[in-house]
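Contents: one structure, followed by commentary.
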Amino acid sequence: MRLINTLLVCVSTSLPVLAAASPQPQPTPLVVASWGGAYQAVLEEVLFEPFTAATGIQVETVPYSGGLEILEATPPDLIDMTKNAAMAACEQGQLIPLTFDDLPDGADGTPARRDFIDSAFSECALTHLLYATVIAYDTRAFKGFIPSRVHDLFNLQDFPGKRALQDIPDANIEWALRSFDVPRESLYPLLSTPRGMALVFERLDALRPHTLWWQAGSEPVELLESGEVVMASGYNGRFFAAIAKGSPIQIIWDSQIQEHQTWAIPTSATNQVAAQQFIRFATSTQRLAAVAERIAYGPARHSASALLHKHPDGFDIRPHIPTHPYNNRTAITKDVGWYARVRDHLHKRFEQWQAGGSS
Amino acid sequence: MKATLNTLLRTSYVAGLGILIGLSAAVIANLFVAGIVWMNDSLLISPRSRMMASSEWLLLIATVMVPALGGLAVGIIRHFIDGKRFHGPPDIIATVQTRQGVPATQPGLLSGIASLLSLGSGASVGQYGPLVHLGGLLGSLWSRLFRMDISMGNIAIACGVAAAISTIFHAPIAGILFAQEVILRHFSLRALAPIAVASIVGYVAANTILPQPPLLQIESAEILHFWEFGLFLLLGMASALVAVAYMQSILWVGRCASAMPIPAITRPAFAGAALGVVALWFPEILGAGGENLRFALIDEAFSRWELAILLILKILATAWCLGMGFAGGVFSPALLIGSLFGALFGSLVATLSGVNSSAVVVYAVCGMVAVTAPVIGAPMTTVVIVFEMTGHYPLTIAALSSVALASLTTSRLFGRSLFDRQLHQRGIDLSGGRSKALLTAHTLQALINPNCLQLSPRASVKDAMLAMSQAQVAEAYLVDAAGHYLGTVHLHALIGAAPQDEARQYAPPDDLCLYSDTPLWESMQALREFVGERVPVIDRQYRLIGAVVESDVIRAYLDILADMRREEYAPN
């Protein structure tokens, strides 16, 4: 019954798209900048191909690995950007402002405005999924008690062993301050003070002799699998992929740091109409849910979260989704506006500390 | 049937009143706080904006110039306020307690704007006083629009105040308590319903319209030993001394400021510039200091010396800003001062006892409420605020222990609160309770009967008796050509006297007379020993204005008490 309902809604939400597409017999292809790898394979399967089938518009992809360089020369029609980058590009006038009035309602009838998570709508970008930076541990490493809170990352007494942390301030500084019981809402105001940063480095100092620093997203998984470290920070999608193929890794969801992945259209894009059409298509309840079920990221719509059930391989996907209510209770939303402004200062400070000078 | 319908209508009216005032006060409160946050971010006052600042020089200039220019604007606004002083919670309390007049609108609104500018430009003042005042003013404006009587007007004011507190602290029960504990100063069933509705609406609105994060969140605060409750009591007593020092500094700087050779209009600008210069080394003293309040709850955030220095600097900075003419409250600085002191106390306890005592957060929270409660005169409210904000029961009991002795100690050393002290300086004494305050607020003026028998001081006994019998009175007042009162002659004293004698000889030397501005309360005291019909009333130039009949004074007294009782006990 539920399946039939879903199908019906599917058809009805696709109809306007079909109607809009019909007067265009020879549409220009849509050029989408995408991140490649397994993630892009999923988008091909559940977004690009169905979009072409529904509208007749071909989707061509160009590789993208973050940053704003892609906006120079001949930019694509649509970019799958982090919100952080989209905000910076928007401020420089390199993205077109978006209107969100024509987004379809949620599958459960919730108006789009309320169906999307908070702050999904920014001036030039629409959030479609959330990914998380999390702490994970090697399930073979601990007997009895297992780590469950962000505090345990810094608790060498109960959970001894090496840690792998990303070689940037991001996430490390939030977690260090959270371990002092600072509530999520106060993190960034406190991180803005010298006193807050002093506390952060006090925590990191204690951890330093036990820390390996990683750069590529694949490293923390490898370090955990090889047993070189007992705890590591990393992207939830990477850990999920490892867990799905049987690695002895468990994610600590406490204080996961969520970031938005958005769709944005460059100002000089040539096929803006198709790009907007694609955004409407790709952010419907069913499409968002289909993407999330395959790569364990959080869909940007509440109604899509409600539909999540099984990975195509048959196991329950819900415990792996960062925005699942059970995982989401203590999530930190990364303040990308703050990072955009203090990045240089922060990195300099962090590198100084890494070079040996404590706080 | 009709009676039931009437009751329902009346109840809906009361609920509607609560909703209306609660909603508007909540919106104003949230706008006010959002305005402060926005100004702090734009003017490089908030740590967040300071960290984002593009250059060091810009930051240095802003640190000194923003409070100075803010002070200049505040000084100019003050110049245009009737009475040249900012209004605040004491004005609301005075209106309600004396049942006279309404909170002044023009000074009220201008004070609100001045507070916003003070807080926005980083002055070390509180935001909750202005919000309480604005909430009360708003309630009063609504009551005037609906032409309510004084009692309902007072309840409307209390509704506005309750909604403001409830909105800001996300603490509806504390809002109700504050309105009853500080503003109305009695607990009545009649007032409870609309105040509770307003408070709840404030709470709902706080989470839906322009929501602001709550002041303080505490995730864990475990009390390890029961004997520590003894320390919390001790902390309460010690905090009382801090509270008294804080309040005395505010009053003292206020007194000194008027003696300074700086024109009143530029005084806040000067104060702001000086504050900014100190803030170059201690940026913690700028603004309400929410971040430092949070840090004070963390064990390792401050060294003991830093706690002590910051504690003293914050007391001085707040006294300096308020005394020199910035507009704002005393509540949020008190929270910070108290938590710094509590943290200092907690860390000393840990060192001296050598035992593993509870985390510093517990002591910081106890110190926070123990300093704040006596300053605003609201012990129960502050304890309930802790409970509603943290949902932590043992912590609330710890806070209660500290507040209990803090309030008692402070009331002995200083008085019920800074508000009451400020009102006392304006001649309104609330220390004797509500009835005394009311009776003190009303004077004899309205009771004076100008028709009384006046005689020349040279009138003979015969003339005097004749005049009295014609006027059918038993007393006459001797008045000279300039109208000055010289004495009273009583008919019974003249009977049997030689007719040609001057009547003046028979006037008793120590007869009672009252000034026309004598409060009812003192008149009643004076009349205790009085035997007679009427008491002569004079002005401050000793000219006779008329006389009051003793029974009129008693009637006025009873009427006032009856009004008060009606406000407290009458059904709606």
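The values are calculated or read from the model by the stated rules, or taken from the named source; none is laboratory data. Computed from a predicted structure; not experimentally measured. We place every Cβ from the backbone using ideal geometry, glycine too, and count neighbours over all the protein chains shown. Please note that ligands, DNA and RNA were not included when accessible areas were found on the heavy atoms of the full protein model with its side chains. Shrake-Rupley method; radii C 1.70, N 1.55, O 1.52, S 1.80 Å.
Considering only region B:81-152, give the helices (runs of 4 or more DSSP H) lying wholly within it that have at least 2 residues that are in contact with a His (Cβ under 7 Å, 6 or more places away or on another chain) and modelled with pLDDT of 90 or more.
The qualifying helices (runs of 4 or more DSSP H) are B:89-98, B:105-120.
With the structure loaded, tell me whether A:PHE240 is under 30 Å from B:PRO47 (Cα atoms), in contact with a helix residue (DSSP H, G or I) (Cβ under 7 Å, 6 or more places away or on another chain) and not β-branched (Val, Ile, Thr) or whether it fails that test.
no
Consider B:SER239 carefully, then state whether it is within 23 Å of B:LEU395 (Cβ to Cβ) and in a loop (DSSP other than H, G, I, E, B).
Taking the combined requirement at face value, the residue does not satisfy it.
Please enumerate the residues belonging to region B:178-232 that are in a loop (DSSP other than H, G, I, E, B), of a type in the set (Val, Ile, Thr) and open to solvent by 60 Å² or more (accessible area, probe 1.4 Å).
Selection gives B:THR208, B:ILE209.
Just checking, how many residues over region B:239-257 are open to solvent by 30 Å² or more (accessible area, probe 1.4 Å) and either over 22 Å from the mean Cα position of the chain (by Cα) or of a type outside the set (Gly, Ala, Ser) (or both)?
5
Tell me, which residue of region A:203-261 that is part of a loop (DSSP other than H, G, I, E, B) and closer than 29 Å to A:LEU126 by Cα is least open to solvent (accessible area, probe 1.4 Å)?
Across region A:203-261, the extreme among qualifying residues is A:GLY217.
Confirm whether B:VAL102 is in contact (Cβ under 8 Å) with a residue 12 or more places away in the chain, among the aliphatic types (A, V, I, L, M) and within 26 Å of B:GLY290 (Cβ to Cβ).
No.
Could you tell me whether region A:304-318 includes any residue that is among the basic types (Lys, Arg) and either over 20 Å from A:THR61 (Cβ atoms) or touching a Gly at 6+ places or on another chain (Cβ under 6 Å) (or both)?
Yes, region A:304-318 has at least one match.
Each row is one residue, and each column tells you yes or no for (1) among the aromatic types (Phe, Trp, Tyr); (2) open to solvent by less than 70 Å² (accessible area, probe 1.4 Å); (3) in contact with a Ser or Thr (Cβ under 6 Å, 6 or more places away or on another chain); (4) farther than 12 Å from B:VAL548 by Cβ.
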{"residue": "B:GLN500", "(1), (2), (3), (4)": "no, no, yes, yes"}
{"residue": "B:ARG504", "(1), (2), (3), (4)": "no, no, no, yes"}
{"residue": "B:PRO509", "(1), (2), (3), (4)": "no, no, no, yes"}
{"residue": "B:CYS513", "(1), (2), (3), (4)": "no, yes, no, no"}
{"residue": "B:TRP521", "(1), (2), (3), (4)": "yes, no, yes, yes"}
{"residue": "B:MET524", "(1), (2), (3), (4)": "no, yes, no, no"}
{"residue": "B:GLU529", "(1), (2), (3), (4)": "no, no, no, yes"}
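Identify, from the list A:PRO319, A:PRO299, the residue that is within 20 Å of A:VAL42 (Cβ to Cβ) and in contact with a helix residue (DSSP H, G or I) (Cβ under 6 Å, 6 or more places away or on another chain).
Sole residue among the options that is within 20 Å of A:VAL42 (Cβ to Cβ) and in contact with a helix residue (DSSP H, G or I) (Cβ under 6 Å, 6 or more places away or on another chain): A:PRO299.
Which of the following residues is at pLDDT below 90 and not in a helix (DSSP H, G or I): A:THR6, A:THR13, A:THR28?
When all the criteria are applied, what remains is A:THR28.
Among the numbered criteria (1) within 27 Å of B:HIS484 (Cα to Cα); (2) among the basic types (Lys, Arg); (3) out of contact with any Asp or Glu (no Cβ under 7 Å at 6 or more places or on another chain); (4) part of a loop (DSSP other than H, G, I, E, B), which one does B:ARG458 miss?
Of (1) within 27 Å of B:HIS484 (Cα to Cα); (2) among the basic types (Lys, Arg); (3) out of contact with any Asp or Glu (no Cβ under 7 Å at 6 or more places or on another chain); (4) part of a loop (DSSP other than H, G, I, E, B), only one is false for B:ARG458: (3).
Just to be sure before I move on: is B:VAL479 touching an Asp or Glu at 6+ places or on another chain (Cβ under 9 Å) and surrounded by 19 or more Cβ atoms within 10 Å (Cβ to Cβ) in the structure I sent?
no
I'm told B:ARG144 meets every condition in (1) closer than 16 Å to B:GLY88 by Cα; (2) open to solvent by 10 Å² or more (accessible area, probe 1.4 Å) except one. Can you identify the failing condition by its number?
(1)
Please verify whether B:ILE76 is part of a helix (DSSP H, G or I), β-branched (Val, Ile, Thr), surrounded by fewer than 18 Cβ atoms within 10 Å (Cβ to Cβ) and touching a helix residue (DSSP H, G or I) at 6+ places or on another chain (Cβ under 8 Å), treating the condition exactly as stated.
yes
From the set of residues in region B:180-238 that are over 30 Å from B:VAL96 (Cα atoms) and of a type in the set (S, T, N, Q), which is farthest from the other protein chains (Cβ to nearest Cβ)?
B:THR208
Picking from A:PRO248, A:PRO299, A:PRO266, which residue would you name as being at pLDDT 90 or above, closer than 22 Å to A:PRO76 by Cα and not basic (Lys, Arg)?
One residue alone meets the criteria, A:PRO266.
Would you check which residues across region A:30-65 are touching a residue at least 60 places away in the same chain (Cβ under 8 Å) and open to solvent by 50 Å² or more (accessible area, probe 1.4 Å) and list them?
Of everything in region A:30-65, those that are touching a residue at least 60 places away in the same chain (Cβ under 8 Å) and open to solvent by 50 Å² or more (accessible area, probe 1.4 Å) turn out to be A:ALA38, A:GLU45.
Residues that are open to solvent by 10 Å² or more (accessible area, probe 1.4 Å) and away from chain A (no Cβ under 14 Å): list the helices (runs of 4 or more DSSP H) wholly contained in region B:273-386 that include at least 2 such residues.
Fully inside region B:273-386 and qualifying: B:304-323, B:331-353.
For region A:176-224, which positions are under 21 Å from the mean Cα position of the chain (by Cα), over 30 Å from A:ALA244 (Cα atoms) and free of Cβ contacts under 8 Å to residues at least 40 places away in the same chain?
A:GLU185
Going by the structure shown, is B:SER402 assigned to a helix (DSSP H, G or I) and in contact with a Leu (Cβ under 6 Å, 6 or more places away or on another chain)?
When the stated conditions are applied, B:SER402 passes them.
Can you tell which of A:ALA340, A:ALA355 is among the hydrophobic types (A, V, I, L, M, F, W, C), away from chain B (no Cβ under 14 Å) and more than 16 Å from A:LEU126 (Cβ to Cβ)?
From the options A:ALA340, A:ALA355, the qualifying one is A:ALA355.
Residue under question is B:HIS170, and the condition is that it be open to solvent by 10 Å² or more (accessible area, probe 1.4 Å), within 14 Å of another protein chain (Cβ to nearest Cβ), under 23 Å from the mean Cα position of the chain (by Cα) and over 14 Å from B:ALA15 (Cβ atoms); does it hold?
yes
With respect to A:LEU68, is the statement that it is open to solvent by 30 Å² or more (accessible area, probe 1.4 Å), at negative phi and touching a helix residue (DSSP H, G or I) at 6+ places or on another chain (Cβ under 6 Å) true?
yes
Would you be able to tell me the number of residues in region B:5-61 that are more than 14 Å from chain A (Cβ to nearest Cβ), more than 30 Å from B:LEU110 (Cβ to Cβ) and among the polar types (S, T, N, Q)?
4
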